[in-house]
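The values are calculated or read from the model by the stated rules, or taken from the named source; none is laboratory data. Given the structure is predicted, the values throughout are model-derived calculations rather than measurements. Ideal geometry is used to build each Cβ from the backbone, glycine not excepted, and the neighbour counts take in all protein chains shown. We work out accessible area using only protein heavy atoms, side chains counted, and drop any ligands, DNA or RNA first. Shrake-Rupley method; radii C 1.70, N 1.55, O 1.52, S 1.80 Å.
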Amino acid sequence: MTATVSGLDKTTLELSLKSIKDFAKDRLPDEKLRELDARDECPLEIVHAMCGDELGIQLLMIPEEFGGMGGGAFDVYRLCEELARIDLGIATSVLATFLGSDPIRVGGTPEQQKYWLTRIAENGLLFAYGATEPAAGSDLAALRTTAKPVSENGRVIGYKISGSKQWISNGGVADAYTILANAPGGPSWFIVEKGAPGFIHGRPEDKHGIRLSNTAALSLDDVYVDANRLVGGVEGLGLVQAQAVFGYTRLTVAAFGLGGGWAALDRAIPYSTERIQAGSPLSEKQGYTHKLIVPHVARLEASRAYIEEIAGRIDSGESSLHTEGAIAKYMATEAGNLAADASIQALGGYGYTHEYMVEKIKRDVRITTIYEGTSEIMEMTISRDRWQSHLKTRGQHYHEQGRVFEALHSRHPSVGANVVALALHGLAEVMEKVRLGRLTRYQHILLRLGELIAYAECAGSLARRAALLSEGQLNEKAHRRFDAMALAALSRIFARETARTVAEEGLAWAVGAGGVSDADMPAFETSLGLPAVHRAQAGLISDMDYIADVLYDRVDKRAGVSA
Ligand SMILES: Cc1cc2nc3c(=O)[nH]c(=O)nc-3n(C[C@H](O)[C@H](O)[C@H](O)COP(=O)(O)OP(=O)(O)OC[C@H]3O[C@@H](n4cnc5c(N)ncnc54)[C@H](O)[C@@H]3O)c2cc1C
């Protein structure tokens, strides 16, 4: 790992987040968001104000050498969470510029980077990212758009691009587009400006959610671009350039899931303090808080812990974190969806109406498990990569991590690291059983492993985060809603859920795929540590009580005990 290479200082980050919050309070009250949602309208002037002189969000994401502020992955995660808390459609419009310009940022020639990134910084240029096609969604290799070289005197002077793109965010409103097309040398990114002859966009899609974001199909009919619009100046690098930013871009969508989930819970929590049923507020009913609020908080904070670790690693110069980006996206977006759905339930009939906003948040956050790689593709990405780690270490990969968490437990006995260790050892045993039974021939088993792996790794991150916070070592730019005691309780709650999920689901899938004979069953159950996993559930309800008290401000913070 190299030294920190990028990022804003803490004060600048906090000022930026505050100005975004203030802007939203002033310009995007709930009533306006509801109206725009009902009219299915992208408020372009607001997006321009945010990505232009008024708010200058675009500067955060552009390197300093091109006139930006040089925000790093950690800053961008904090920013994306904040934007998602306001409105995920607007957040998508803002992010589309950065997705669209990412191929240039990572793979452009120095001239392309200077020209385009400076224009985004100085003129608030809006970009769109044109990868998906009607027949090429998850499988981008099925790409059909073509780029035919145009030559003069034996030299390629430009390309003619033909094809269509589907579901492009900012598709109808962008100033410039990066378009993935098959050149003779392979898939390549091209920069196409709006208004180019032969380039048209369709009507905005009538979507389930993120209705404040413009999504449109694009059609290209022999659209001519000069050779200097081929990103990087070399054909065939398109998929590599797209891969190179997956770690980063998936982290941003993970932050969207986190922001959407918390936005919903932060409406359900205050609501439940005022809604009286059976003589007392809902917030005082354990069957309500422990089902609809607390588990979602634990899952969201486990996702946050993972996101923050990965963002820190990207800012320290690590690259190729696409599996980690996939884990972050998978966990945070699934958790965000579940939290938003539970929040509708938490508001009862009111939650089902437009006025109370949680149903809009739920419709909005739904997209996060679909775009930038669906949850199923994330499961596959995670599983394939960690499967290789399992094979290369002869089954020791997660056992080794289990031992790391046993050591953490001896230094920090309250963060649930011993239970994380149980989950990791159990995971190693499940994977070994899958190997012995050659069960990865079942795609479903492979994908379920992806889920178990994501849970186990996030549980590890949350335990580490709780330990760091208690030592005063957490990244100074980290989000701080919970103190060390609350974070430790959240970690114990999530570790228990993870250990149980890994052992019980792992067992069910291995048996379900015919990988465990009757004779093998007792030994397999023992290797999964099932009795220990079940014993580790002791204390779950009191930890949940404690978190409910923290959320509802019922804890005497100095003493750290429930009031
Ligand atoms: C609102 C919105 C905005 C978007 N913005 C952009 C954008 O700006 N730029 C852009 O390029 N794209 C964008 N997209 C496209 C988005 O990334 C794709 O929709 C997504 O990647 C899924 O592709 P698909 O829709 O073709 O679904 P498919 O790939 O057809 O998938 C359908 C279902 O099948 C599952 N599936 C697919 N392959 C497999 C497999 N091998 N094994 C098991 N299950 C599988 C998927 O997980 C999914 O559940 C956007 C989409 C939407 C809806």
Every residue from region 528-548 that is outside any loop (DSSP other than H, G, I, E, B) and surrounded by 18 or more Cβ atoms within 10 Å (Cβ to Cβ): 530, 533, 543, 544, 546, 547, 548
Of all residues making up region 476-491, the number that are open to solvent by less than 60 Å² (accessible area, probe 1.4 Å) and not aromatic (Phe, Trp, Tyr): 10
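Take residue 400 and tell me if it is without any contact (Cβ under 8 Å) to a residue 24 or more places away in the chain, away from the ligand (no atom under 16 Å from the Cβ), closer than 21 Å to residue 338 by Cβ and outside any loop (DSSP other than H, G, I, E, B).
Taking the combined requirement at face value, the residue does not satisfy it.
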Condition met for residue 266 (in contact with a Lys or Arg (Cβ under 7 Å, 6 or more places away or on another chain), open to solvent by 10 Å² or more (accessible area, probe 1.4 Å), acidic (Asp, Glu) and not in a loop (DSSP other than H, G, I, E, B)): no
Residue count for region 101-115, restricted to those that are open to solvent by less than 30 Å² (accessible area, probe 1.4 Å) and either away from the ligand (no atom under 16 Å from the Cβ) or of a type outside the set (A, V, I, L, M) (or both): 6
Conditions (1) more than 16 Å from the ligand (Cβ to nearest atom); (2) modelled with pLDDT of 95 or more; (3) not in a loop (DSSP other than H, G, I, E, B): number failed by residue 379: (1)
Residues located in region 371-393, provided they are more than 22 Å from the chain's Cα centre (by Cα) and small (Gly, Ala, Ser): 389
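I'd like to check something: does region 216-226 contain any residue that is over 19 Å from residue 159 (Cα atoms), within 16 Å of the ligand (Cβ to nearest atom), hydroxyl-bearing (Ser, Thr, Tyr) and at pLDDT 95 or above?
no
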Number of the condition not met by residue 421 [criteria: (1) free of Cβ contacts under 8 Å to residues at least 60 places away in the same chain; (2) within 23 Å of the chain's Cα centre (by Cα); (3) buried (at least 24 other Cβ atoms within 10 Å of the Cβ)]: (2)
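May I ask you to list the residues in region 351-375 that are part of a loop (DSSP other than H, G, I, E, B) and either more than 16 Å from the ligand (Cβ to nearest atom) or open to solvent by 40 Å² or more (accessible area, probe 1.4 Å) (or both)? Outline the logic, then answer.
Residues of region 351-375 part of a loop (DSSP other than H, G, I, E, B): 352-357, 370-374.
Once the filter is applied, which keeps residues that are part of a loop (DSSP other than H, G, I, E, B) and either more than 16 Å from the ligand (Cβ to nearest atom) or open to solvent by 40 Å² or more (accessible area, probe 1.4 Å) (or both), region 351-375 yields 352, 353, 354, 355, 356, 357, 370, 371.
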Failed condition for residue 418, given (1) among the polar types (S, T, N, Q); (2) within 16 Å of the ligand (Cβ to nearest atom); (3) in contact with a His (Cβ under 8 Å, 6 or more places away or on another chain): (2)
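Is it the case that residue 506 is within 24 Å of residue 326 (Cβ to Cβ), in contact (Cβ under 8 Å) with a residue 12 or more places away in the chain, touching a helix residue (DSSP H, G or I) at 6+ places or on another chain (Cβ under 9 Å) and open to solvent by less than 70 Å² (accessible area, probe 1.4 Å)? Before you say what the answer is, go through the steps one by one.
Numbers: within 24 Å of residue 326 (Cβ to Cβ): yes; in contact (Cβ under 8 Å) with a residue 12 or more places away in the chain: yes; touching a helix residue (DSSP H, G or I) at 6+ places or on another chain (Cβ under 9 Å): yes; open to solvent by less than 70 Å² (accessible area, probe 1.4 Å): yes.
When the stated conditions are applied, residue 506 passes them.
Among the listed residues 304, 313, 394, which satisfies the condition of being open to solvent by 10 Å² or more (accessible area, probe 1.4 Å) and either within 24 Å of residue 554 (Cα to Cα) or in a helix (DSSP H, G or I) (or both)? Before you say what the answer is, go through the steps one by one.
Working: 304 fails: open to solvent by 10 Å² or more (accessible area, probe 1.4 Å); 394 fails: either within 24 Å of residue 554 (Cα to Cα) or in a helix (DSSP H, G or I) (or both).
Within the list 304, 313, 394, the selection yields 313.
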Qualifying residue in region 192-199 (condition: in a strand (DSSP E or B) and more than 15 Å from the ligand (Cβ to nearest atom)): yes
When residues of region 319-347 are limited to those that are open to solvent by 40 Å² or more (accessible area, probe 1.4 Å) and not charged (D, E, K, R), the one nearest to the chain's Cα centre (by Cα): 322
Every pair of residues 6+ apart whose Cβ atoms lie under 9 Å, when the first sits in region 154-173 and is at pLDDT below 95 while the second is within 7 Å of the ligand (Cβ to nearest atom) and not in a strand (DSSP E or B): none
Residue within region 485-496 that is free of Cβ contacts under 8 Å to residues at least 24 places away in the same chain and not hydroxyl-bearing (Ser, Thr, Tyr) present: no
Counted residues, region 42-77 - those being outside any helix (DSSP H, G or I), farther than 23 Å from residue 479 by Cβ and open to solvent by 20 Å² or more (accessible area, probe 1.4 Å): 5
Identity of the residue in region 122-143, buried (at least 22 other Cβ atoms within 10 Å of the Cβ) and of a type in the set (A, V, I, L, M), that ends up farthest from residue 193 (Cα to Cα): 131
Residue in region 5-32 that is modelled with the lowest pLDDT, counting only those that are β-branched (Val, Ile, Thr) and under 24 Å from the mean Cα position of the chain (by Cα): 5
Single unsatisfied condition, residue 247 versus (1) out of contact with any strand residue (DSSP E or B) (no Cβ under 8 Å at 6 or more places or on another chain); (2) surrounded by 22 or more Cβ atoms within 10 Å (Cβ to Cβ); (3) at pLDDT 95 or above: (3)
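For (1) among the acidic types (Asp, Glu); (2) closer than 30 Å to residue 46 by Cβ; (3) more than 16 Å from the ligand (Cβ to nearest atom), each residue gets a yes or a no:
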position: 85; (1), (2), (3): no, yes, yes
position: 88; (1), (2), (3): no, yes, no
position: 99; (1), (2), (3): no, yes, no
position: 117; (1), (2), (3): no, yes, yes
position: 131; (1), (2), (3): no, yes, no
position: 148; (1), (2), (3): no, no, yes
position: 164; (1), (2), (3): no, yes, no
position: 185; (1), (2), (3): no, no, yes
Given (1) under 23 Å from residue 454 (Cα atoms); (2) surrounded by fewer than 20 Cβ atoms within 10 Å (Cβ to Cβ), index of the condition residue 273 fails: (1)
Residue 386 more than 16 Å from the ligand (Cβ to nearest atom) and out of contact with any strand residue (DSSP E or B) (no Cβ under 8 Å at 6 or more places or on another chain): yes
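If the requirement is being within 16 Å of the ligand (Cβ to nearest atom), touching a residue at least 60 places away in the same chain (Cβ under 8 Å) and small (Gly, Ala, Ser), which of these qualifies: 336, 317? Break it down stepwise before answering.
Values: 317 fails: within 16 Å of the ligand (Cβ to nearest atom).
None of the other options fit; the residue is 336.
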